[in-house]
Structures are given as C-alpha cells and as structure tokens.
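Asks: Handing you this structure, nothing more for now.
Read the figures in this text as sums done on the coordinates, not as results from a lab. Here the structure is a predicted model, which means the values were calculated and not measured. Cβ coordinates were reconstructed from backbone atoms using ideal geometry, including for glycine residues, and neighbour counts include every protein chain displayed.
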Amino acid sequence: MKRRIVAIAAALALVGAQAQAETLKLAVPQRGSWGTSYTDLGIRQGFFKAEGLDIEITYTEGGASNEQAVISGSVDIAIETGFLGILAAYVKGAPVRVISPASTGAPEVFWYAKAESGIKSLKDAHGKSVGFSNPGSSSNLILLQLLKEAGITDAKLVPVGASQNGLPLVMTGQLDICYAVPPVALPELQQKTIVAVARGNDSEAVRNETVRVNAANLASLQGKRDAMARFIRAYAKSRDFAFTDAGVADYAKFTSQSPDLVHYMVANFEDKNQNELHDIKGMDRVIDEALAAKRIAKPMQPDELKGMLDFVAPDVN
C-alpha cells in the first residue's frame, strides 16, 4: 500500500511538472544544419523538458525571415540569427535584445563552384554571380568581407535563402558560386563535382567576430526571463552533447545523414569553441559592415549599443 501511495505521488508530481512547463517559441534557421540543430537534439534528449520548458520551433531560411519572426513577437527567441541584422533592427528601434552570442567565426560556412567552371577561389569572382542566404544574414556579412579581402568589387550578389536552394542553381549553371552550410553540398564536395573556393574562417576578421547571436523579443524577455535563462543552460548542454559520439549518431538520425558523412563534417567543418555563449567579439567590425551595407544611418560606437546586450545566463560558457 505504501509503495502504491509513493507511486501515485510521483505520478502526480510528474503531471504537475508537465502542467507547469513554460512554452518558448523559437525561430530556427536552416533546418538540419549542424549549428542550428542543437535545439532539436536537446528536445530529443529531454534537456529542455528537464528545465521545465516546452519548445515550439518555426523553421526559417535565415536572414530577414528569422529577424522578422522575433521582431514581430511571433516567436520568443531567434536562434543563430545574423548579428548584423539584429544590430540594425535594434538601432531602428525594433523590440529585440541579444540574450547570448551564438557563433564566433564561421568554420562551417563555405562557398563553392562547379568543378568544371574553372573557378578556383573568390579571386576568380569578377563579374560572377555569388549566392548567400538573405540580406543581413551572417552569410551576407561574411561574404562581403571575403570579397573585400579578395579585391572583388563587381560580383553579383544573389540571395538564395536556405543553402540547399543554391546547389541546383550552381549545378545547372544559373549561379556561378554559392554558399553552403553542412551537410549541404558535402557529398558533392567529396565526389569532386564541386570545389570549395572559400571558407568563412579564411578571413581573420571573421574568425574573431561574433557572426550570429540568439536574440529575444523584448516583451517576451521581460515576461519570460527566467525561462530564457533555463533555455540557454539547456542549449549549452545540447551543444556539448552534439560533439559526443552519441550526439553525432543522433544528429545523423535526425537529418537522415550517413554517420560517416557526419563524422567527416564535424571533423572538418565544426568547432565547439565557436559556439561559446558568453562573449560578444568584433562589434566594431559588425558596426562598420552595417554602415557599409546601409543598414544603419551613421557611424556608431559599441558603447551606444550596450542596451542591445542583455545576457540571461552570463555564467554559461
């Protein structure tokens, strides 16, 4: 009888915990990309549930669609969203705050061309069409810097949305060069039907700057701050799990990828250290790029943007 009472009490406690779970709505870009899959893995492993959170995901193609979702309040948090876009939105008065950095540098993003095109690097991009995701996205910011360093001023920049959209355009000759976020284009890279012509971290400036952030809608942040702190803690656990053998296996299952391909991707294109969640880097350069892209109207100093940064879990690495 005593055991039965204990079992009933435990069941009631579980039901109560589930009833009290707080819902957070997320905008997640580029479904299936490694760096944007930490939330999916964390949900599958129960990390967010353990923090009393119920996570609802809306997948986007990144860039403006990710920003607009959080600005409008249709989601509480935009995950792995371009820092330039959020900075520009904040300067214009949008109700957004950065609750943590998400990616420093970009070892995973690369640009490629068809193998038979003769294009070997971005220095061959004079007059060529070059794809990125969307204006204001991290791929937009990175591409502008790479082209600047390559001395290219006449490339035709083409927004293609999700990176998988660009592959058929390159293979059919409609686009000369396009970006990819693994696992997109990795089989073609291994089969040598395409060649990598640039990687995000080719630029020292990109390597040492925050290119993506986790951003919250201001009203949501004010009403759900504690839930967002718990989210970031669970998100960090998900990131750490992703780099284990079990995490690689789970990601391969989630994305229907070959485990061997995922191991290749993680070994050659990913770095857990890039996903630290506690330190914004290179803000001066992001401000300069926002000005050059006419996303802000005048030069600014980092001190003028302190109000944009409101880390909910500053103790999380």
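Asks: Give me the net charge for the shell around Asp202: Cβ to Cβ below 15 angstrom, other residues only, Lys and Arg +1, Asp and Glu -1.
Replies: Net charge in that neighbourhood comes out at -1.
Asks: Report, for region 110-207, the % of DSSP beta bridges that are antiparallel, rounded to 5.
Replies: Percentage antiparallel, nearest 5: 65.
Asks: Now for a different question. Ranked by Cβ crowding within 10 angstrom, fewest neighbours first, how are Trp111, Trp34 ordered?
Replies: Going from least to most buried by this count: Trp34, Trp111.
Asks: Let me ask something else. What's the long-distance tail for region 110-207, i.e. % of Cα pairs beyond 21 Å?
Replies: 21 percent
Asks: A further question on this structure: If I fit a long axis through the Cα atoms of helix 259-269 and take the longest principal axis of the Cα atoms of the chain, what angle between them do I get, 0 to 90°, rounded to 10?
Replies: That helix lies at roughly 60 degrees to the long axis.
Asks: Next question. Once you order the gyration tensor axes a ≥ b ≥ c over the Cα atoms, which shape class does region 76-141 get: rounded for a/c under 1.5, otherwise prolate or oblate by comparing a/b with b/c?
Replies: Prolate, since a/c reaches 1.5 and a/b exceeds b/c.
Asks: Quote the Stokes-Einstein diffusion coefficient, in whole µm² s⁻¹, for the chain, based on the Kirkwood radius over alpha carbon pairs, a temperature of 37 °C and a viscosity of 0.692 mPa s.
Replies: For the chosen part, D equals 162 µm²/s.
Asks: Starting from the Cα of Asp245, step 7 Å along the direction of its Cβ; do the same at Gln301; then give the gap between the two resulting points in nm.
Replies: 5.4 nm
Asks: Follow-up. Rounded to the nearest 5, what % of the DSSP beta bridges within the chain are antiparallel ones?
Replies: Percent antiparallel among DSSP bridges in the chain is about 55.
Asks: At 7 Å along the Cα-to-beta-carbon direction for both His278 and Arg31, put a label point, then send me their distance in nm to one decimal.
Replies: If labels sit at His278 and Arg31, their model points lie 3.5 nm apart.
Asks: Report the rotationally averaged projected area of region 164-310 based on its alpha-carbon convex hull, in square nanometres.
Replies: Convex hull of Cα atoms, orientation-averaged projection: 11.6 nm².
Asks: Right, here's the next one. How large is the helix-only mean residue ellipticity at 222 nm for the chain, computed as the sum of -39500 (n - 2.57) over DSSP H runs with n ≥ 4, divided by its residue count, in deg cm²/dmol to the nearest 500?
Replies: It comes out at -12500 deg cm²/dmol, rounded to the nearest 500.
Asks: Could you give the length gained by full extension between Asp260 and Lys156, i.e. 0.36 nm per residue of separation minus their alpha carbon distance, to one decimal place?
Replies: 33.9 nm
Asks: Which residue fluctuates most in the GNM of the chain (Cα springs below 10 Å): Asp202, Asp226, Asp250?
Replies: Between Asp202, Asp226, Asp250, it is Asp226 that shows the largest mean-square fluctuation.
Asks: Further, regarding this structure: Once label points are set 7 Å from the Cα along Cα→Cβ at both Lys148 and Ser121, what is their separation, rounded to one decimal in nm?
Replies: Reported label-point gap for Lys148 and Ser121 is 1.9 nm.
Asks: For region 223-300 and region 19-75, write down the distance between their C-alpha centroids in whole Å.
Replies: Comparing the Cα centres of region 223-300 and region 19-75, I get a distance of 13 Å.
Asks: Among Ser37, Ser103, Ser72, whose mean-square fluctuation peaks in a Gaussian network model of the chain (Cα, cutoff 10 Å)?
Replies: Ser72
Asks: If you average over every viewing direction, what projected area does the convex hull of the Cα atoms of region 36-116 give, in nm²?
Replies: 7.5 nm²
Asks: If you don't mind, another one. Pick out which of Pro299, Pro182, Pro107 has the largest mean-square fluctuation in a Gaussian network model of the chain, springs linking Cα atoms closer than 10 Å.
Replies: Comparing Pro299, Pro182, Pro107 in the GNM, the peak value goes to Pro299.
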